[in-house]
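One structure is given below, encoded as structure tokens.
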Amino acid sequence: MKLKKSLPDPLKRREILYGKNTPREVLIHYGDLYYEVGRLNDAVEFYGMANHREALSKLRDLALEEGDFFLFQQATEFLGESVTNDTWRILGQNALKKGKFSFAWKAFSQAEDIEALKEIEKMMREEEKGERSK
């Protein structure tokens, strides 16, 4: 099967991703293409369906560093890993540093860190006040 160097249209994407006979190499190829163009949430799906653990681990680590709650959660689910409260806190702190308040809130919720949640809510209210005064 000759592989294309471009991204598939949505129907073809679905066919490749969820087709019964899609070879692992094809899934990895498209995961790589999506990764290269920065569409990491698409890449994680292809890598997950291919059970490409190395790429999933790379995406998990990147998501942790970037504070990307959904990408992190999806990668860890595909890897079958449980996440400690300390790791959720690190994700939340990284999300805060990047100004991703909703991701931080979700991560600290997973960690059941009530104090951090109160602080985020306060920060979000302050930011909302600042936006309204502009």
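Things worth noting here:
- The spacing between the range 104-133 and the range 47-86, judged by their C-alpha centroids, is 24 Å.
- As a fraction of the 1.4 Å probe accessible area of the chain, surface on carbon and sulfur atoms comes out at 49 percent.
- In this simple spin-label approximation, LYS12 and LEU117 carry label points 7 Å from Cα along the Cα→Cβ vector, and these lie 4.6 nm apart.
- Estimated from helices alone, the mean residue ellipticity of the chain at 222 nm is -23500 deg cm²/dmol (sum of -39500 (n - 2.57) over DSSP H runs with n ≥ 4, per residue).
- Note on ARG125: accessible area approximately 130 square angstrom, rounded to 10, probe 1.4 Å, nucleic acids and ligands left out.
- Only the Cβ atoms of Lys and Arg (+1) and of Asp and Glu (-1) were treated as charged; on that basis the dipole of the chain about its Cα centre amounts to roughly 560 debye.
- Percentage relative contact order, the chain, counting C-alpha pairs under 8 Å, at least six apart: 15
- Global geometry of the range 34-134, whether rounded, prolate or oblate, following the gyration tensor of its Cα atoms and the 1.5 cut on a/c: oblate
- For the options ALA116, ALA43, ALA63, a Gaussian network treatment of the chain with springs between C-alpha atoms closer than 10 Å singles out ALA116 as fluctuating the most.
- Computed with a 1.4 Å probe over protein heavy atoms only, the accessible surface of the chain comes to 64 Å² per residue.
- Gyration tensor (alpha-carbon) shape descriptor, the range 1-86, a/c threshold 1.5: prolate
- Distance between modelled label sites at SER102 and PHE70, nm, 7 Å Cα→Cβ extension: 0.8
The values are calculated or read from the model by the stated rules, or taken from the named source; none is laboratory data. None of the values given here were measured: they were computed from a predicted structure. FYI the Cβ positions are ideal-geometry reconstructions off the backbone, even for glycines, and counts take in every protein chain you see. Ligands, DNA and RNA are excluded from the accessible area calculation, which covers all protein heavy atoms including side chains. Shrake-Rupley method; radii C 1.70, N 1.55, O 1.52, S 1.80 Å.
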